[in-house]
Amino acid sequence: MPEAKPHSVHPDGLLRFPTYVLGQLHKGFHTEIDESLREHWVLVCLDESKNLSQQDLSDSLGIDRSDVVRLIDGLEGDGFVLRTRDSTDRRKYQLSITAAGRSERRRVDSLIRESTDHALAALDPDERYTLHRLALKALGRSEDLAPPPE
């Protein structure tokens, strides 16, 4: 993540809000990775779930349906996603990830791990685990985190 410029000041009034601090971490992370995280989210969902519709994907990721359509259009154009008509409901499309999409997911997974390590370099592994656990707990998903790797 780019280092803070000497003249860059974060007002104490904003640093009191965890959402501001987390937003600043995310902003720096997103700048460093220079990839579409939404596209990555789609690839992860399709890799981990079979036969999702565009509506399922929209609901799962909390992304507007029209945005999902645009994301799928791009991913399909790149050869990462296959969109086929649902055999039971011709109004729907079923989405699946291609081999190229799985490869792209792994590539971006690696970039995310590297950027996360850089963004959280000031934290030791236990502190990173605690941060992750608390963030999941705030989302109501505290049961979803595996213990940190040894």
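Descriptive notes on the structure:
- Charge sum, other residues only, whose C-beta stays under 15 Å from Leu22's C-beta, Lys/Arg counted +1 and Asp/Glu -1: +4
- Helix 18-33 and the long axis of the chain differ in direction by around 60°, with both axes built from C-alpha atoms.
- Reported label for calculated Cα Rg over 2.2 N^0.38 Å given [x] 0.95; [y] 2.51; [z] 1.23: [z]
- Taking other residues whose beta carbon is less than 14 angstrom from the beta carbon of Asp117, and scoring Lys, Arg as +1 and Asp, Glu as -1, yields -3.
- Taking amide H atoms as placed 1.01 Å from N in the peptide plane, the amide H of Val81 lies under 5 Å from those of Glu76, Thr98, each 5 or more residues away in sequence or on another chain.
- Cα-based shape type of the range 37-98, given that a ≥ b ≥ c are square roots of the gyration tensor eigenvalues and the cut on a/c is 1.5: rounded
- Rounded to the nearest 0.05, the FRET efficiency derived from the C-beta distance between Ser142 and Ser103 at R0 = 41 Å is 0.80.
- Principal-axis analysis of the Cα atoms of the chain puts helix 37-48 at an angle of about 60° to the longest axis.
- Degrees separating the helix 99-119 axis from the principal Cα axis of the chain, which is the longest one: 10
- Additional length obtainable on full extension of the chain from Arg16 to Glu114, 0.36 nm per residue less Cα span: 32.5 nm
- Under 5 Å between amide hydrogens, built in the peptide plane, is the criterion, and for Lys92 it picks out Asp86 among residues at least 5 positions away or on other chains.
- Long-range lysine pairs (8 or more apart or interchain), the chain, Cα under 29 Å: 4
Where a number appears in this text, it was derived from the coordinates with a stated rule and is not lab data. Keep in mind that what you see is a predicted model, and the values were worked out from it rather than measured. Reconstructed Cβ throughout: ideal geometry from the backbone, glycine too, with neighbour counts over all protein chains shown.
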